[in-house]
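The values are calculated or read from the model by the stated rules, or taken from the named source; none is laboratory data. Note that the coordinates shown come from a computational prediction; the quantities given were computed from them, not determined experimentally. A quick note on method: Cβ atoms are made from the backbone with ideal geometry, for glycine too, and the neighbour counts reach across all protein chains shown.
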Ligand SMILES: NS(=O)(=O)c1c(F)c(F)c(SCCc2ccc(C(=O)O)cc2)c(F)c1NC1CCCCCCC1
Ligand SMILES: [Zn+2]
């Protein structure tokens, strides 16, 4: 392909010409049809360790032109729910616009306002880039964001800094906080399936966990998220979600009934 050719959410059909895995049969995101999900009582609660970070720790927050990324220290570990141990690499968000929702996964055809992805890599590999090319290399925790009544104090830790990184490439630093607060309190109820990165190179090396409980942000917080960051063409960075992909026969497991 054209190597590091610049991709966008506008010309999705060219993804697979430049990155062959993007045309694969184990792609993400997907629609979760809850009537087809397979109840699997052996799926254990997800356990997070080391997610509470001291305020004197500075975390890099960057507008990379496609999303807002918070780099995470490798001390954050996924210890339950997966057969092997995974360590955190980064978290980022997907969102829509003032006129529509922008989660990547959908549930029974419903698209949620936004979605958080906490990306981890399997510690049996020496680095993230080594892990990301192996089928058991990556684990992404996903949760849906919706508009509720009050302000969400954990998302405030990130959203209050968006004005500092409006332009592509801009970075700022965020004091440490309890990263677990960005995920639901209920880590027992989730969907699980094997898929891919939802961005080129679309490697089919992600074990996805999608929590059933959604996160609630205030209306103002959601409008900050969808109307602050700019994209490479200097328009507002909005609708940064990939359309849902075919399951191609894959099953989706549910840890709950
Ligand atoms: N849903 S997802 O996890 O597939 C995903 C996306 F959908 C994403 F859209 C992204 S952002 C696009 C990829 C990218 C671009 C630039 C930079 C940089 O300048 O540092 C970094 C990354 C993005 F970063 C990720 N996660 C990344 C996948 C890209 C390659 C490995 C980096 C960690 C996980
Ligand atoms: Zn993502």
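Identify all residues within the range 68-105 that are assigned to a loop (DSSP other than H, G, I, E, B) and within 18 Å of residue 189 (Cβ to Cβ); write none if there are none. Passing the criteria: 81, 82, 103, 105. Can you list residue pairs whose Cβ atoms sit under 6 Å apart, with the first residue in the range 62-88 being farther than 20 Å from residue 159 by Cα and the second being within 16 Å of ligand 1 (Cβ to nearest atom) and in a loop (DSSP other than H, G, I, E, B)? Count only pairs 6 or more apart in sequence or on different chains. As it stands, the answer is 85/123; 87/74; 87/123; 88/72; 88/76, since those pairs meet every condition given. Just one of (1) under 18 Å from the mean Cα position of the chain (by Cα); (2) not in a helix (DSSP H, G or I) fails for residue 251. It is (1). Out of 159, 138, report the one residue that is touching a residue at least 12 places away in the same chain (Cβ under 8 Å) and closer than 20 Å to residue 237 by Cβ. Result: 159 is the single residue among 159, 138 that is touching a residue at least 12 places away in the same chain (Cβ under 8 Å) and closer than 20 Å to residue 237 by Cβ.
Strands (runs of 3 or more DSSP E) fully within the range 106-196 that include at least 2 residues being within 18 Å of the chain's Cα centre (by Cα): 114-122, 138-147, 190-195.
Scan the range 222-231 and tell me whether some residue there is buried (at least 20 other Cβ atoms within 10 Å of the Cβ), closer than 25 Å to residue 22 by Cβ and in contact with a strand residue (DSSP E or B) (Cβ under 7 Å, 6 or more places away or on another chain). There is at least one residue in the range 222-231 that is buried (at least 20 other Cβ atoms within 10 Å of the Cβ), closer than 25 Å to residue 22 by Cβ and in contact with a strand residue (DSSP E or B) (Cβ under 7 Å, 6 or more places away or on another chain). Just need a number here: residues in the range 55-99 that are surrounded by fewer than 18 Cβ atoms within 10 Å (Cβ to Cβ) and either closer than 24 Å to residue 125 by Cβ or out of contact with any strand residue (DSSP E or B) (no Cβ under 9 Å at 6 or more places or on another chain) (or both). Here the count works out to 14. The criterion of being assigned to a strand (DSSP E or B) and either touching a helix residue (DSSP H, G or I) at 6+ places or on another chain (Cβ under 9 Å) or modelled with pLDDT of 95 or more (or both) holds for residue 60. Applying the set (1) more than 22 Å from residue 203 (Cβ to Cβ); (2) crowded, with 16+ Cβ neighbours inside 10 Å; (3) touching a residue at least 24 places away in the same chain (Cβ under 8 Å) to residue 120 leaves exactly one unmet item: (1). When 209, 214, 172 are checked against the criterion of being surrounded by fewer than 19 Cβ atoms within 10 Å (Cβ to Cβ), touching a strand residue (DSSP E or B) at 6+ places or on another chain (Cβ under 7 Å) and within 16 Å of residue 104 (Cβ to Cβ), a single residue qualifies: 214. Of all residues in the range 89-142, those satisfying the criterion of being within 13 Å of ligand 1 (Cβ to nearest atom) and touching a helix residue (DSSP H, G or I) at 6+ places or on another chain (Cβ under 8 Å) are 89, 91, 93, 95, 102, 114, 116, 118, 121, 137, 138. Can you confirm whether the range 144-167 contains a residue that is within 11 Å of ligand 1 (Cβ to nearest atom) and in contact with a helix residue (DSSP H, G or I) (Cβ under 8 Å, 6 or more places away or on another chain)? For the range 144-167, residues within 11 Å of ligand 1 (Cβ to nearest atom) and in contact with a helix residue (DSSP H, G or I) (Cβ under 8 Å, 6 or more places away or on another chain): absent.
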